[in-house]
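Here the structure comes first, spelled out in structure tokens, and everything after it is commentary.
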Amino acid sequence: RVGLHLWEEPCISYGKGSGTVFFAGCNMGCVYCQNSEISAHLKGKDVSVDTLCFEMLRLQSMGAVNINLVTPTHYAHKIVEALEKTKHKLNIPVIYNTSGYECSETLKKLCGLVDIYLTDLKYYSKEISKKYSFCEDYFDIAIKAVSLMVKQTGKPVFDEKGHMKKGTLVRHLVLPSLYGDSIDTFKALSETIDVKNVAVSVMCQYFPSYKAQEYKEINRKTTTLEYMKVVEFVRSLGFEHGFMQQRDS
């Protein structure tokens, strides 16, 4: 899917919306995937690099406030090719919207082509990441990736209206029964990266989808109590830029 999207963080989807390009497939296998029709079942169509260039420019002409490349990891080599052809024609930020499970070699190729990294930091525990996403090394890989993202983009930059123009925004979805791991994740993030150099987004929109019904402990929505425990802990860490999703989202 290619189109304008109004439901990202307020700093991303202001105005007419974020110009999103949703890529089919995913380099992870989360059992609770909320976009499984696209990511797990590969619903989509083949396009060329030139078509991708055309679509990014078309989004800009439609009034998109940024180009938002969603689940791009396994197409990164082609995305680099497209951005090298198109970046000089774009006067809006380019966002790399990723699970965080990225290798350094990929990110180095994106340096100078991406203005904003919108990245997940899903788990801290090896056992939990293995159980729900089949990647035991998730945190080790993702925290290195976030560190490199921050190094590339520098401190978050916002305009006078609070619209993000540059930087790294780390997202985390609070899962039912697992708020303790959420706290461990943010604690580790704050110990690894200066809280002034990264923005965070804490999300409560989880609902049991895809294969979540097979796991009793996550086969329900996150409670307000679970979510607020994480929110209050994140606030205590002193991040200068952050977003806390409303419970009615």
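The values are calculated or read from the model by the stated rules, or taken from the named source; none is laboratory data. Computed from a predicted model, the values in this text were never measured in an experiment. All Cβ positions, even for glycine, are placed from backbone atoms using ideal geometry, and neighbour counts span all protein chains on display. These accessible areas exclude ligands, DNA and RNA; they are computed on the full protein's heavy atoms, side chains included. Shrake-Rupley method; radii C 1.70, N 1.55, O 1.52, S 1.80 Å.
When you go through Leu83, Leu110, Leu69 one by one, which is the residue that is modelled with pLDDT of 95 or more, aliphatic (A, V, I, L, M), closer than 23 Å to Gly167 by Cβ and under 14 Å from the mean Cα position of the chain (by Cα)? Even if it seems obvious, please write down each step before you answer.
Details: Leu83 fails: under 14 Å from the mean Cα position of the chain (by Cα); Leu110 fails: under 14 Å from the mean Cα position of the chain (by Cα).
Result of the check over Leu83, Leu110, Leu69: Leu69.
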From the residues in the range 1-43 that are touching a strand residue (DSSP E or B) at 6+ places or on another chain (Cβ under 8 Å) and among the small types (Gly, Ala, Ser), which one is surrounded by the fewest Cβ atoms within 10 Å (Cβ to Cβ)?
Gly3
Only residues that are β-branched (Val, Ile, Thr) and open to solvent by 30 Å² or more (accessible area, probe 1.4 Å): list them for the range 187-212, please.
Thr192
Taking first residues from the range 231-247 that are farther than 20 Å from Asp184 by Cβ and open to solvent by 60 Å² or more (accessible area, probe 1.4 Å) and second residues anywhere that are modelled with pLDDT of 90 or more and of a type in the set (Phe, Trp, Tyr), the pairs with Cβ under 9 Å that are 6 or more apart or on different chains are Arg247/Tyr227
With criteria (1) assigned to a loop (DSSP other than H, G, I, E, B); (2) under 15 Å from Leu175 (Cα atoms); (3) aromatic (Phe, Trp, Tyr), Tyr227 comes up short on (1)
Tabulated pairs, the range 36-56, first free of Cβ contacts under 8 Å to residues at least 12 places away in the same chain, second surrounded by fewer than 17 Cβ atoms within 10 Å (Cβ to Cβ), C-beta under 7 angstrom, 6+ apart or interchain
Glu37/Lys43
Going through the range 117-132 one residue at a time, which ones are among the polar types (S, T, N, Q) and open to solvent by 10 Å² or more (accessible area, probe 1.4 Å)?
Ser125
So, of the residues in the range 53-76 that are in a helix (DSSP H, G or I) and open to solvent by less than 20 Å² (accessible area, probe 1.4 Å), which turns out to be nearest to Leu107 (Cα to Cα)?
Ala76
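If you take the residues of the range 30-47 that are β-branched (Val, Ile, Thr) and under 26 Å from Val174 (Cβ atoms), which of them is modelled with the lowest pLDDT?
Filtering the range 30-47 for residues β-branched (Val, Ile, Thr) gives 31, 38, 47.
This time we only want the ones that are under 26 Å from Val174 (Cβ atoms), so: 31, 38.
Working: Val31: 96, Ile38: 85.
The qualifying residue modelled with the lowest pLDDT is Ile38.
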Considering (1) touching a residue at least 60 places away in the same chain (Cβ under 8 Å); (2) assigned to a helix (DSSP H, G or I), say which one Ile79 fails and leave the rest.
(1)
Tell me yes or no: at least one residue of the range 137-160 is touching a residue at least 60 places away in the same chain (Cβ under 8 Å), open to solvent by 10 Å² or more (accessible area, probe 1.4 Å) and either in a helix (DSSP H, G or I) or of a type outside the set (A, V, I, L, M, F, W, C) (or both).
yes
Those residues of the range 82-93 which are in contact (Cβ under 8 Å) with a residue 24 or more places away in the chain and open to solvent by 70 Å² or more (accessible area, probe 1.4 Å) amount to Glu84, Lys85, Lys89, Asn91
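Test of understanding: among Leu173, Leu225, which residue is farther than 25 Å from Ile141 by Cα and at pLDDT 95 or above?
Details: Leu173 fails: farther than 25 Å from Ile141 by Cα.
None of the other options fit; the residue is Leu225.
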Go through (1) surrounded by fewer than 18 Cβ atoms within 10 Å (Cβ to Cβ); (2) part of a loop (DSSP other than H, G, I, E, B) one by one and return the number of the condition Asp184 breaks.
(2)
